[in-house]
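Please read the structure below before turning to the comments.
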Amino acid sequence: MATTTRPAPTVGFDLDMTLIDSRPGIRACYLALTERTGTYVDADLAVTRLGPPLVEELAHWFPAEEIEAVADLYREMYPMYAVAATPALPGAREAVAAVREAGGRAIVVTAKYEPNAKLHLAHLGIEPDAVIGDLWAEQKAVALREHGAEVYVGDHLGDVRGARAAGARSVAVASGPCDAEELRAAGADVVLGDLTEFPAWLADYRAAGAGGADAARA
């Protein structure tokens with residue numbers, strides 16, 4: 001029986017540890033923040049738990065009444081210390097290109113401050129159709145639904161929750177702080193090692209019909 005090819009989907013991507021390895025840049029920014037404020041931040045520890053919003057990390061190091069001002073300072077310092085130091089993860093450019101070459105739309109939905117997210121993507125030459133920042137976990141569903149995203153790709157349990165809240169297919173990549181077992185247990189529909197596997201998954205997903213690609217690659 002002939003298979004039906006799916007229309008090219010809108011695919012959402014997380015940013016930190018999905019498209020970019022932001023650890024070197026964020027580490028450098030936290031070290032500079034320590035120097036600027038005089039308050040110690042363990043930068044090496046902080047970069048092991050990327051994903052949640054900045055204010056959640058700052059709460060480990062600063063009194064509650066200082067967090068808003070320190071977050072503003074961090075975001076102001078960020079372009080100087082973090083953007084040039086941050087590489088694309090393997091397969092990132094190819095994954096975004098695969099969506100667009102198939103006729104779909106690629107969007108980035110991230111918890112990162114949106115202007116800084118855009119600076120990263122421009123610096124690395126990654127060109128999504130839209131970038132939406134300042135959204136975490138289930139909040140990401142707002143942007144995913146607004147843009148009609150059928151698939152959301154991320155590295156964190158919060159990304160799985162965001163995809164599920166949006167009714168999108170959760171494609172998880174084990175390139176961040178959560179391993180494949182954790183991502184599956186959280187409800188990811190598919191777990192890939194990293195984005196180098198995504199173009200083949202997308203081709204199978206479109207060609208195989210409902211459930212076919214997931215059965216083959218989950």
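The values are calculated or read from the model by the stated rules, or taken from the named source; none is laboratory data. From a predicted model like this one, the values you see are computed outputs, not experimental measurements. Here the Cβ positions follow ideal geometry from the backbone for every residue, glycine too, while neighbour counts run over all protein chains shown. We work out accessible area using only protein heavy atoms, side chains counted, and drop any ligands, DNA or RNA first. Shrake-Rupley method; radii C 1.70, N 1.55, O 1.52, S 1.80 Å.
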- Going through segment 28-74 one residue at a time, which ones are charged (D, E, K, R) and under 18 Å from the mean Cα position of the chain (by Cα)? 49, 56, 57
- Task: Select from segment 188-208 the residues that are hydrophobic (A, V, I, L, M, F, W, C) and open to solvent by 30 Å² or more (accessible area, probe 1.4 Å) and write down the one among them that is nearest to residue 89 (Cα to Cα).
- Result: 200
- Item | Given (1) loosely packed, with under 15 Cβ neighbours inside 10 Å; (2) aliphatic (A, V, I, L, M); (3) in contact (Cβ under 8 Å) with a residue 12 or more places away in the chain, index of the condition residue 41 fails | (1)
- Note on the structure: Within segment 89-113, of all residues that are touching a His at 6+ places or on another chain (Cβ under 9 Å) and not in a loop (DSSP other than H, G, I, E, B), the one farthest from residue 29 (Cα to Cα) is 105
- Query: helices (runs of 4 or more DSSP H) wholly in segment 114-187 with at least 1 residues that are at pLDDT 95 or above and surrounded by fewer than 17 Cβ atoms within 10 Å (Cβ to Cβ) - which ones?
  - Reply: 114-124, 140-146, 180-185
- Would you mind stating whether residue 81 is among the aromatic types (Phe, Trp, Tyr) and open to solvent by 70 Å² or more (accessible area, probe 1.4 Å)? yes
- Could you check, for segment 114-124, whether at least one of its residues is closer than 20 Å to residue 47 by Cα, touching a Gly at 6+ places or on another chain (Cβ under 6 Å) and of a type outside the set (Gly, Ala, Ser)? yes
- If we scan segment 151-166, do we find a residue that is over 22 Å from residue 185 (Cα atoms) and within 15 Å of the chain's Cα centre (by Cα)? no
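Matching residues to (1) part of a helix (DSSP H, G or I); (2) in contact (Cβ under 8 Å) with a residue 40 or more places away in the chain; (3) acidic (Asp, Glu); (4) in contact with a Lys or Arg (Cβ under 9 Å, 6 or more places away or on another chain):
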position	(1), (2), (3), (4)
25	yes, yes, no, no
35	yes, no, yes, no
57	yes, no, yes, yes
62	no, no, no, no
67	yes, no, no, no
70	yes, no, no, no
84	no, yes, no, no
